[in-house]
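I have placed the structure first, in the form of structure tokens, so that the comments after it can refer back to it.
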Amino acid sequence: MKTKTNPPLESEFYCTTAWHMARFKSKSADVVYDFACNIAYKEKRFYVSVERAARHLGLACNTVRQAYRELTEKGWFRLIEEGHYSPNVYEPVLNHDAWVAANPGQCCVKSSFPWTLENDELGQVIWAISGGKIKPKSHSMKAIRKMIRELECSADDVAEEFREWYPNQSHAPKYVLGHFIKHFRELSKTKVLAIAA
């Protein structure tokens, strides 16, 4: 059963099965899904009754029943055969890519930052050094690139100084790069004066 298509949500990460399961009403759906995928890995068939699965997983029957229902409704279990006096037979969708092919438009979309479009490695380095707290905008990266040209230094010089300077600063994230540019320019002037002396 295909689920309703909604506009994609933005996320810092690529979409995964876990992202979908975290949005289920049944908070045990991921456990049941993992169990089903392990059983169905070779034959692509899962036919364990709710009662047996609940006993094995240490969950209540109603919890497992709800997980089976929701996994089926959201397209992670395909009902192959309805059981009469025996368990239903399901084909679990074994990976995220296969599920996406049958359910387009349901995934989150990884946010793109200005430097990913320009493939600016320095922006990625600054983001990584800050532990993802500083997200360089294109205007900040243009100012840093301009500074690099004017001071005739390298992106490696800037990254190295940012690595040293960042842990000791106390500015709000949106002001960090402005303060860093000011710091780096002052530091460069000091070095030029020291060399001249």
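The values are calculated or read from the model by the stated rules, or taken from the named source; none is laboratory data. What you see is a predicted model, and the numbers here were worked out from it, not measured in a lab. Neighbour counts are summed over all protein chains in view; Cβ atoms, including those assigned to glycine, are modelled from backbone coordinates with ideal geometry.
So, Leu187, is that one more than 15 Å from Leu122 (Cα to Cα) and modelled with pLDDT of 85 or more or not?
yes
Quick one: Ile80 ticks every box in (1) in contact with a strand residue (DSSP E or B) (Cβ under 8 Å, 6 or more places away or on another chain); (2) crowded, with 17+ Cβ neighbours inside 10 Å except a single one, so which number is it?
Result: Ile80 passes all but (2).
Kindly check whether there is at least one residue in the stretch 109-117 that is buried (at least 17 other Cβ atoms within 10 Å of the Cβ) and within 19 Å of the chain's Cα centre (by Cα). Talk me through it step by step, then tell me what you get.
Step one: list which residues in the stretch 109-117 are buried (at least 17 other Cβ atoms within 10 Å of the Cβ), which gives 113, 115.
Within this subset, residues satisfying the condition of being within 19 Å of the chain's Cα centre (by Cα) are 113, 115.
Yes, there is a match, as at least one residue in the stretch 109-117 is buried (at least 17 other Cβ atoms within 10 Å of the Cβ) and within 19 Å of the chain's Cα centre (by Cα).
Please enumerate the residues belonging to the stretch 119-141 that are surrounded by 14 or more Cβ atoms within 10 Å (Cβ to Cβ), out of contact with any Gly (no Cβ under 7 Å at 6 or more places or on another chain) and assigned to a helix (DSSP H, G or I).
Those that are surrounded by 14 or more Cβ atoms within 10 Å (Cβ to Cβ), out of contact with any Gly (no Cβ under 7 Å at 6 or more places or on another chain) and assigned to a helix (DSSP H, G or I): Leu122, Gly123, Gln124, Val125, Ile126, Trp127, Ile129, Ser138, Ser140.
Going by the conditions given, is Glu82 acidic (Asp, Glu), in contact (Cβ under 8 Å) with a residue 12 or more places away in the chain and more than 24 Å from Lys27 (Cβ to Cβ)? First the steps, then the outcome.
Values: acidic (Asp, Glu): yes; in contact (Cβ under 8 Å) with a residue 12 or more places away in the chain: no; more than 24 Å from Lys27 (Cβ to Cβ): yes.
So Glu82 fails the test.
Say we look at the stretch 55-77 and pick out the residues that are touching a strand residue (DSSP E or B) at 6+ places or on another chain (Cβ under 8 Å) and in contact (Cβ under 8 Å) with a residue 40 or more places away in the chain; which of these is surrounded by the most Cβ atoms within 10 Å (Cβ to Cβ)? Steps first, answer last, please.
The first filter runs over the stretch 55-77 and keeps only residues touching a strand residue (DSSP E or B) at 6+ places or on another chain (Cβ under 8 Å), leaving 68, 71-72, 76-77.
Adding the requirement that they be in contact (Cβ under 8 Å) with a residue 40 or more places away in the chain leaves 71-72, 76-77.
Numbers: Leu71: 24, Thr72: 15, Trp76: 28, Phe77: 25.
That would be Trp76.
Please pick out the residue among Cys153, Cys107 that is farther than 30 Å from Phe24 by Cβ, touching a helix residue (DSSP H, G or I) at 6+ places or on another chain (Cβ under 8 Å) and among the hydrophobic types (A, V, I, L, M, F, W, C).
Cys153
Output the residues belonging to the stretch 123-163 that are aliphatic (A, V, I, L, M), out of contact with any Lys or Arg (no Cβ under 6 Å at 6 or more places or on another chain) and closer than 16 Å to His183 by Cβ.
The answer is Ile126, Ile134, Ala143, Ile144, Met147, Ile148, Leu151, Val158, Ala159.
For Phe162, work out the one condition from (1) at pLDDT below 90; (2) crowded, with 17+ Cβ neighbours inside 10 Å it doesn't fulfil.
(1)
Exactly one condition in (1) closer than 30 Å to Pro136 by Cβ; (2) out of contact with any Ser or Thr (no Cβ under 7 Å at 6 or more places or on another chain); (3) surrounded by fewer than 18 Cβ atoms within 10 Å (Cβ to Cβ) is false for Ser49; which is it?
(1)
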